[in-house]
1. Please list, in chain and number order, the residues 5+ apart from F111 or on another chain whose amide H is under 5 Å from its amide H, with Hs placed from the backbone.
2. Going through region 1-58, which GluC sites (Glu not before Pro) have at most 15 other Cβ atoms within 10 Å and a DSSP loop state?
3. Can you pull a Stokes-Einstein diffusion coefficient for region 77-181 at 4 °C (1.567 mPa s), Rh from Kirkwood over Cα pairs, as a whole number of µm²/s?
4. Count the net charge of all other residues whose Cβ sits under 12 Å from the Cβ of A97, scoring Lys and Arg as +1 and Asp and Glu as -1.
5. Once phi is turned into ³J(HN,Hα) by the Karplus curve 6.51 cos²θ - 1.76 cosθ + 1.60 with θ = phi - 60°, what whole-Hz value does each residue of region 54-59 show in order, with x for glycine and proline?
6. Within the chain, which is the longest segment containing none of the trypsin sites (Lys or Arg not before Pro) that sit in a DSSP loop and have at most 16 other Cβ atoms within 10 Å?
7. Among the GluC sites (Glu not before Pro) within region 173-241, which fall in a DSSP loop and have no more than 11 other Cβ atoms within 10 Å of their own Cβ?
8. Quick one: work out Rg over Rh on the C-alpha atoms of region 3-240, Rh as Kirkwood radius.
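Values in this text are rule-based calculations from the coordinates and carry no lab data. Keep in mind it's a predicted model, so treat the numbers as computed, not measured. Reconstructed Cβ throughout: ideal geometry from the backbone, glycine too, with neighbour counts over all protein chains shown.
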Amino acid sequence: MNSFTDQFLSNDKNTEFLKTTMMGPNAMRVAEEMASYLDIQEKNRILDLGCGSGLSTLLLVKKYGACVFAGDLWISPTENYERFQSIGIDDNAIPFAADATKGLPFADRYFDLLFTVDAYHYFGDTEEMLPSLMRFVKKGGYIAVAIPGIKYEFGENVPEEMQPFWNDEVARTIRSMDWWKALWQKTENIEIEDIREMDCCKQAWSEWLTAYHPVVAGDIKMMEAEGGKYFNFIQMIAKVV
Ligand SMILES: C[S@@+](CC[C@H](N)C(=O)[O-])C[C@H]1O[C@@H](n2cnc3c(N)ncnc32)[C@H](O)[C@@H]1O
């Protein structure tokens, strides 16, 4: 399933590139697993929302030959453009500045697929967000979201070992599969096709913990405390009808 990512990582230079580029659990691996549940065709037009530094974009362009609009809030389009040039995907990867909460500059029904890895939880936790984004996807197209989550809702009972890592923002964004499912079930004109825990969770996290990003040191402590008991990675796929 992860043949592209494994092949990519078999090269030392690529491993180094990934270690300097990851912003969370290996987005290339997460993107590859989620993409395997979709029927992505060459030249499909994909909105990669919250693409960060574009590891999911790289996967979608190089593995599938898709045309990917790569939007992000924290990483500038210029930084992504230069990276896309350096890895030879700039003809099919179009970087743009995006704040999903403020509307996007696209025609209705423009995309075959809205694809988002490790970002939707930051902005997608309201009833309004999915309807506001699905208009950009053509009828019969798909919305595919992969996000870190928890196996059950903590509510007021945050496990003791997780309390040092739990604050209001984490509590707002890190939710269970049932919580996300209930939120998406309120949206009309979509068919939820698949909500599941992803297989790559452990590996994507352990690859992230080798990255050079400054938050890794804190995440190593968090993952030691978590010990495989609470976290999962949630994949949600819906068809626009
Ligand atoms: C943990 S990083 C993950 C980046 C990338 N998807 C990855 O997995 O490597 C979360 C990303 O969500 C993006 N993000 C957060 N809020 C956003 C918003 N309102 N609109 C667009 N992107 C947003 C950030 O810019 C950031 O790049």
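1. Amide H neighbours of F111, under 5 Å, 5+ apart: V137, K138.
2. Details: sites: E16, E32, E33, E42; in loops: E42.
Answer in residue order: E42.
3. Values: Rh = 16.2 Å.
Diffusion coefficient, whole number: 80 µm²/s.
4. Working: positive: K102; negative: D72, E79, D99.
Computed value for this residue: -2.
5. In residue order, the calculated couplings are x, 5, 5, 4, 4, 4 Hz.
6. Values: sites that count: K43, R109, R135, K151, K186, K229.
Longest stretch, sites excluded: 44-108.
7. Numbers: sites: E188, E191, E193, E197, E207, E224, E226; in loops: E188.
Here the GluC sites (Glu not before Pro) that fit, given the DSSP loop and packing criteria, are E188.
8. On the way: Rg = 17.1 Å, Rh = 18.1 Å.
With Rh from the inverse mean 1/r over Cα pairs, Rg/Rh is 0.94.
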